[in-house]
Amino acid sequence: MLSIKTEVSLKRAAQQIAKDIGVPLSTIVNAQLKSFIAERKLTLRAPEIPNAKTRKILDEAREDFRKGRNTSPGFDNMDDAIAWLEAGDA
């Protein structure tokens, strides 16, 4: 158990980000402490958030993948992959 004092707004913002990525805040705190101990350094960064245009493209690609559109089958050799591309199924 660890008790720390921090600004309420800071805690809430951290809790929201933790929730957004699907982990409890305690997991983030523990991971940071373990990393700090092992590496004796602290690295901070936030994930990049795509703009609206990029988000739309990503959403369309995910939907295409889900529906099996605009995707190739799996290949275990280059000849089959090239033949599939040349056949115009791509």
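The values are calculated or read from the model by the stated rules, or taken from the named source; none is laboratory data. All values reported here derive from a predicted model rather than from experimental measurement. No Cβ is skipped: glycine too gets one built from the backbone with ideal geometry, and neighbour counts run over all protein chains shown.
Values as computed for the structure displayed
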{"read-out": "Ser26 vs. criteria of a type outside the set (A, V, I, L, M), outside any loop (DSSP other than H, G, I, E, B) and exposed (fewer than 10 other Cβ atoms within 10 Å of the Cβ)", "value": "no"}
{"read-out": "Residue that is farthest from Arg12 (Cα to Cα) [pool: residues in segment 28-60 that are of a type in the set (Asp, Glu) and modelled with pLDDT of 90 or more]", "value": "Glu60"}
{"read-out": "Segment 29-56: number of residues that are among the polar types (S, T, N, Q) and in a loop (DSSP other than H, G, I, E, B)", "value": "2"}
{"read-out": "Phe36 vs. criteria aromatic (Phe, Trp, Tyr) and closer than 30 Å to Ser3 by Cβ", "value": "yes"}
{"read-out": "Test set (1) surrounded by fewer than 10 Cβ atoms within 10 Å (Cβ to Cβ); (2) in contact with a Phe, Trp or Tyr (Cβ under 6 Å, 6 or more places away or on another chain) - Ala81 fails condition number", "value": "(1)"}
{"read-out": "Single condition Pro73 does not satisfy, out of (1) of a type outside the set (Lys, Arg); (2) surrounded by 10 or more Cβ atoms within 10 Å (Cβ to Cβ); (3) in contact with a Phe, Trp or Tyr (Cβ under 9 Å, 6 or more places away or on another chain)", "value": "(2)"}
{"read-out": "Test: residue in segment 42-50 that is touching a residue at least 12 places away in the same chain (Cβ under 8 Å), touching a helix residue (DSSP H, G or I) at 6+ places or on another chain (Cβ under 9 Å) and surrounded by 10 or more Cβ atoms within 10 Å (Cβ to Cβ)", "value": "no"}
